[in-house]
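The values are calculated or read from the model by the stated rules, or taken from the named source; none is laboratory data. All values derive from a computational prediction rather than experimental measurement. Cβ placement follows ideal geometry from the backbone for every residue including glycine, while neighbour counts extend to all protein chains displayed.
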């Protein structure tokens, strides 16, 4: 079964329904509708300022939409705070890698699973046995992730010392420490050299196939998108323009126009309320 | 010889009180990145709580209730914790600079209340007749308090809790995305650290036998604790201890030197001591910004 068939037959695990968001007079999101099929690797592309990262913020609970709904696994999750969405199996990464700079790579991974018994201050101080048992399982998982992503040589380095590409891998590693079902990756390929890029795409593909993660990926590297993602959703000016396999999206007139920028940002601002 | 020993006991007791303040600040700033510049508020509230609870009944202020010292310690920590909870609930949801502003405001409000609410605190005349153990007994009490505090904060640091508050300090957004209730962790660290500051205040009250509002001015209530932590090594509990003893040692030595200068220069001499503490801070920040004992790389359980 090829990707196109799979994505069409899959039931949506994530539905974005009529999301609107305004920053002052600017309509950053202007009625976004999209569906992400369970088990798919869906791309979200579009010119700068299209509202992709803003949409991620809304889906992951960092921004509250002025209108519309986000449905995750059949449940309306609009406006829930990020920790609650995390608990429901959604995790996001950031455009600029958000690693804990003055923590080791290992600790960056170990802090992710949760809630942890040892995160309760009293348990942490007075009941170390229960904490240590739990910690052992996290540790094993973290070591597997480190091996999977070839991060062993930098395991005990501060994350702040990693290269940009390694930080992207580490963010992916943090995703692997969870049992998330839906993962939002914001430009996983940005600043990643070709060798690491191969590693990154392989990892995403394997996580999708073997771990059952669904991915929604913002990406500007069209080669990466073509190689990895299906379907592709195109956003421009706060709306979804087109959606489908890469080839059909590429042929779409509206998409071409959006990328060529025939309507200026200034015009959009003027057109605002 | 005997006076030297006496001075040693006095010095270690006093420095020990500051060590507890520095450990409390380390939980807040070193672990969690909470910018508390109102340490004096929690220190003062702890001191006055212990004073009111343990002094014999007096017409000059609330109480006293004549309770044993241990009750003073416990309630001082509780009152400081409740105060921290109240301030924290308001400010810790907001951007981090709000805590700085709120905490410095709180310290001033507390100081003004101590100065003006005579029914409660006897105003500028302060509270006297606070039970004072012998210097050796007190030394033992402080030593035990420092050790227990150190054990507690170190256990907390080397736990998943310590790891998560460090992550909150480093990258709030990512911690949120990883499902952490950032506000809760900040609140816990703030309350924990403030309770320790309250304990330090209670110890101070019994050490001096007297508390008055001047003791809790920003210089000795807050600033010097920051210098101790930064010089010793923010994030490192042993660093906080070393910093407390070092800075307090410097201050004690220069105090001795200041007694040697002619009396007409006494004011300048005491000002110069404060300047010296400031110079120490600048030198440390320039040449060893991570402090004498930097934060350890690993956090959480397991070997370093």
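Here are the numbers:
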read-out	value
Boolean, residue A:235 is within 23 Å of residue A:85 (Cβ to Cβ) and away from chain B (no Cβ under 14 Å)	yes
Options B:205, B:200; residue that is more than 8 Å from every other protein chain (Cβ to nearest Cβ) and touching a strand residue (DSSP E or B) at 6+ places or on another chain (Cβ under 6 Å)	B:205
Residue satisfying all of: in segment A:156-186; part of a loop (DSSP other than H, G, I, E, B) and farther than 17 Å from residue B:171 by Cβ; nearest to the other protein chains (Cβ to nearest Cβ) among these	A:156
Those residues of segment A:115-161 which are free of Cβ contacts under 8 Å to residues at least 24 places away in the same chain and in contact with a helix residue (DSSP H, G or I) (Cβ under 6 Å, 6 or more places away or on another chain), in sequence order	A:116, A:117, A:118, A:119, A:121, A:123, A:124, A:125, A:130, A:131, A:134, A:152
Per-region count, segment A:87-118, residues out of contact with any strand residue (DSSP E or B) (no Cβ under 9 Å at 6 or more places or on another chain), modelled with pLDDT under 95 and not in a loop (DSSP other than H, G, I, E, B)	3
Single residue of A:105, A:112, A:36 found to be facing another protein chain (nearest Cβ under 8 Å), surrounded by 24 or more Cβ atoms within 10 Å (Cβ to Cβ) and either under 30 Å from residue B:158 (Cβ atoms) or touching a residue at least 60 places away in the same chain (Cβ under 8 Å) (or both)	A:112
Filtered residue count, segment A:137-155, keeping only those that are in a helix (DSSP H, G or I) and more than 9 Å from chain B (Cβ to nearest Cβ)	13
Residue list for segment A:187-196, filter: in a loop (DSSP other than H, G, I, E, B), in contact with a helix residue (DSSP H, G or I) (Cβ under 7 Å, 6 or more places away or on another chain) and at negative phi	A:188, A:189, A:192, A:193
Residue match in segment B:285-294 (condition: over 21 Å from the mean Cα position of the chain (by Cα), in a helix (DSSP H, G or I) and closer than 29 Å to residue B:7 by Cβ)	no
Of the criteria (1) assigned to a strand (DSSP E or B); (2) touching a helix residue (DSSP H, G or I) at 6+ places or on another chain (Cβ under 9 Å); (3) modelled with pLDDT under 95, which one residue A:50 fails	(1)
Test: residue in segment A:73-87 that is at the interface with another protein chain (Cβ under 8 Å from one of its Cβ atoms), over 21 Å from the mean Cα position of the chain (by Cα) and touching a residue at least 12 places away in the same chain (Cβ under 8 Å)	no
Check on residue B:239, in a helix (DSSP H, G or I) and farther than 17 Å from residue B:25 by Cα	no
Qualifying residues in segment A:33-44 (those that are in a strand (DSSP E or B) and in contact with a helix residue (DSSP H, G or I) (Cβ under 6 Å, 6 or more places away or on another chain)) - the one nearest to residue A:240 (Cα to Cα)	A:44
Wholly enclosed helices (runs of 4 or more DSSP H) of segment B:83-191 bearing at least 2 residues more than 14 Å from chain A (Cβ to nearest Cβ) and closer than 22 Å to residue B:19 by Cα	B:96-116, B:135-157
Test: residue B:43 is under 11 Å from the mean Cα position of the chain (by Cα), part of a helix (DSSP H, G or I) and under 19 Å from residue B:209 (Cα atoms)	yes
Residue in segment B:207-227 that is outside any helix (DSSP H, G or I), within 16 Å of the chain's Cα centre (by Cα) and within 30 Å of residue B:64 (Cβ to Cβ) present	yes
